[in-house]
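S.K.: This is the structure, below, for whatever I ask next.
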Amino acid sequence: MPATAPSDDPLGDIETLTRELIRLETLLSDRKIPKEQFDSLSTQLKARISNAESLAYLKARTDETIAKKLRAENYVDPAVQEVCYHFINGSKTPLEPLFEADRIPRYFIEPGKGAKVPVESALLRRLANIGILRASLFEKIFMCPKCGTPTNVYARLKCPQCDSIDITIDRMIEHLACGTVHEERIFRVGNELVCPTCRKILQKPSEQRLIGLVCSCNKCRAHFEDPSQSFFCRKCEVDFNLTTGIITDIYTYYINEKTFEEIRSQIGIPAIAKVLQNEGFRVDMPGTIPGAVGQFSIVARKGERAIVIDIDSDEVEVGVEPVLELFVKILEAKPDISIFGAIPRLSSRARDVATMHGIKIAEGSTPGEIARKILEIASAESKAIQT
């Protein structure tokens, strides 16, 4: 299978490549291609899918359309739900990195009762890329280019003449009252600074002035002001600098206030799905049906009947655009019931558009309320068919 350049639509690439992978799996199960050929082709396809996913998350930083689609896919991930619940219902504290003895940053959420659950930093970066979280730079760390960790990395100040780390670094200070200039160690008497010339104790910072540094090499006896700088991994015995080492940005993560209302509603989708499952529905989230243009928040099936459901929220009321998006998706499809769930409610114009196109409305301030109204709509429609 020849490699092709990625298109400007990585999400479309992912969908196309995934269909091709499914087709290959069908051919293998029907024994129409040998196992060796399947392994080779599927490996190539999986690599291309991974590349397309990486490109999609990269583009999501500046393309809100892609970001929104990726958020919808991520909301059904249990690990993503745990992170969102931390900010919505848990301690709500920012996720700051914790550094243990190995100096590798780790993140933990607190679901309750003092418990701490680890969270992969790659997941947090992914959620920041698509706008669920907001990242703020916490620190930069330097990692060994050989072992890829910061555990045994130390900063080194060296003699610029012979590269020895056996150097003495001293500060040169001036006693402003008498003009004496000397190394700080000459002024130092116990815990006090005493002028070696006039013997006055320097009690205030305003009595002295920092002139600069003076360094000397204990190996080659060279004197200099600016030592050379590098890093050294004691495990790998590798000396490296800013151009050859790995510099990694470490972040603190916050909930993204711009998408908070969307998060609060979408993270409730699993709760809605659970209620429907308890009532005997088979649930896909997200899901689709034949002829639909895109995916729905939930597709619920019971027997031969299919209910398509989209959920959205806003701080005050949900506007008309997401209702129109649902209408476009079902235009060529044949769902038995189409429902739009709005938290807390739809605008009057959006309600009129939904009614005009036969879309049922479920409004409520919580996912539980939305789920109950969906069940009421499904029950009423079922009774109407029976009569």
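Readers should treat all values here as calculations from the given coordinates under stated rules, not as data from a laboratory. Remember, predicted model here, so these are calculated numbers, not experimental data. Note that each Cβ is placed from the backbone with ideal geometry, even for glycine, and that neighbours are counted across all protein chains shown.
S.K.: How large is ³J(HN,Hα), in whole Hz, for each residue of segment 123-140 in order, when computed from phi with the Karplus curve 6.51 cos²θ - 1.76 cosθ + 1.60 and θ = phi - 60°, using x for Gly and Pro?
M.R.: Rounded to whole hertz, the list is 5, 5, 4, 4, 5, 5, 4, 9, x, 7, 10, 10, 9, 10, 4, 9, 6, 10.
S.K.: Still on this structure, I have one more. Using only Cα atoms, tell me the angle between helix 269-278 and the longest principal axis of the chain; keep it within 0 to 90° and round to the nearest 10.
M.R.: Around 40 degrees separate the two axes.
S.K.: Sticking with this one: Have a look at the DSSP beta bridges in the chain and tell me what percent are antiparallel, nearest 5.
M.R.: 80
S.K.: Then there's this: Which residue, ARG221, ARG349, ARG61, tops the fluctuation ranking in a GNM of the chain built on C-alpha contacts under 10 Å?
M.R.: ARG221
S.K.: Here is a follow-up. Take the Cα pairs of segment 10-59, get the Kirkwood Rh, then feed it into Stokes-Einstein at 10 °C and 1.306 mPa s and tell me D in µm²/s.
M.R.: 141
S.K.: Moving on to the next point. Would you mind checking the tilt of helix 64-74 against the longest principal axis of the Cα atoms of the chain, expressed as 0 to 90 degrees and rounded to 10?
M.R.: Roughly 80 degrees, rounded to the nearest 10.
S.K.: By the scheme Lys and Arg +1, Asp and Glu -1, what is the net charge of all other residues having a beta-carbon under 13 Å from that of ALA362?
M.R.: Within the 13 Å Cβ shell, the charges total -1.
S.K.: Let me ask something additional. Return the long-range amide H neighbours of ARG134 (sequence gap of 5 or more, or a different chain), with a cut-off of under 5 Å between placed amide H atoms.
M.R.: Amide H neighbours of ARG134: TYR254, ILE255, ASN256.
S.K.: If I stretch the segment between GLN203 and PHE38 completely, what's the gain in nm (0.36 nm per residue apart, minus their alpha carbon distance), one decimal?
M.R.: Between GLN203 and PHE38, full extension yields 51.4 nm more.
S.K.: Considering Cα pairs under 8 angstrom that are at least six residues apart, work out the relative contact order of segment 160-226 and quote it in whole percent.
M.R.: Across segment 160-226, relative contact order equals 38 percent.
S.K.: On to the next question. Treating the angle as unsigned and between 0 and 90°, give the value, to the nearest 10°, between the Cα long axis of helix 321-330 and the longest Cα principal axis of the chain.
M.R.: Here the helix axis deviates by roughly 50 degrees.
S.K.: Return the FRET efficiency for the residue pair SER365, LEU98: r is the Cβ-Cβ distance, R0 is 35 Å, and the value is rounded to the nearest 0.05.
M.R.: In this case the efficiency is close to 0.45.
S.K.: Which lysines, if any, have their Cα less than 17 Å from the Cα of LYS92, not counting same-chain residues under 8 positions apart?
M.R.: Correct list for LYS92: LYS113, LYS116, LYS258.
S.K.: Show me, for segment 39-51, the HN-Hα J-couplings you get by feeding each phi into the Karplus relation (A = 6.51, B = -1.76, C = 1.60, θ = phi - 60°), rounded to Hz, glycine and proline as x.
M.R.: Ordered by residue, 3J(HN,Hα) equals 4, 5, 5, 5, 5, 5, 5, 5, 5, 5, 5, 4, 5 Hz.
S.K.: Still on this structure, I have one more. On a straight-distance basis, which lysines could pair with LYS373 in a cross-link, Cα separation under 24 angstrom, same-chain partners fewer than 8 positions away excluded?
M.R.: Excluding near neighbours in sequence, the set is LYS274, LYS302, LYS329, LYS334, LYS360, LYS383.
S.K.: Check SER313: other-chain or 5+ apart residues with amide H under 5 Å from its amide H, H built from backbone geometry?
M.R.: ILE343
S.K.: If the elastic network links every pair of Cα atoms under 10 Å, which of SER365, SER313, SER42 fluctuates the most in the Gaussian network model of the chain?
M.R.: Most flexible of the set in this elastic network: SER42.
S.K.: Quote the relative contact order of the chain in percent (integer), defining contacts as alpha-carbon pairs under 8 Å separated by 6+ residues.
M.R.: Relative contact order for the chain comes out at 12 percent.
S.K.: Right, something else. If you add up the charges near ALA177, with Lys and Arg at +1 and Asp and Glu at -1, over every other residue whose beta carbon is less than 13 angstrom from its beta carbon, what do you get?
M.R.: +2
S.K.: Running a GNM on the chain with Cα contacts under 10 Å, which residue among TYR253, TYR154, TYR57 ends up with the highest mean-square fluctuation?
M.R.: TYR154
S.K.: Between (1) 0.97; (2) 1.13; (3) 1.18, which entry matches Rg/Rh (Cα atoms, Kirkwood Rh) as derived from the coordinates of this structure?
M.R.: Label (3) holds the value from this structure.
S.K.: Under a Cβ-Cβ cut-off of 9 Å, what is the net charge of the residues other than ASP310 that fall near it, where Lys and Arg count +1 and Asp and Glu count -1?
M.R.: Within the 9 Å Cβ shell, the charges total -1.
S.K.: Can you spot the lysines whose alpha carbon is less than 24 Å from LYS146's alpha carbon? Ignore those fewer than 8 places along the same chain.
M.R.: LYS158, LYS235
S.K.: Here's a follow-up. In nm, give the distance between the simple-model label positions of ARG349 and ARG19, each being 7 Å from the Cα along the Cα-to-Cβ direction.
M.R.: Inter-label distance under the simple model: 3.5 nm.
S.K.: Between HIS223 and CYS147, what FRET efficiency follows from the Cβ-Cβ distance if R0 is 56 Å, with the result rounded to 0.05?
M.R.: So, using R0 = 56 Å, E works out to roughly 0.95.
S.K.: Full extension from GLN161 to THR288: what is 0.36 nm times the residue separation minus their Cα-Cα distance, to one decimal in nm?
M.R.: Net length gain for the segment: 38.8 nm.
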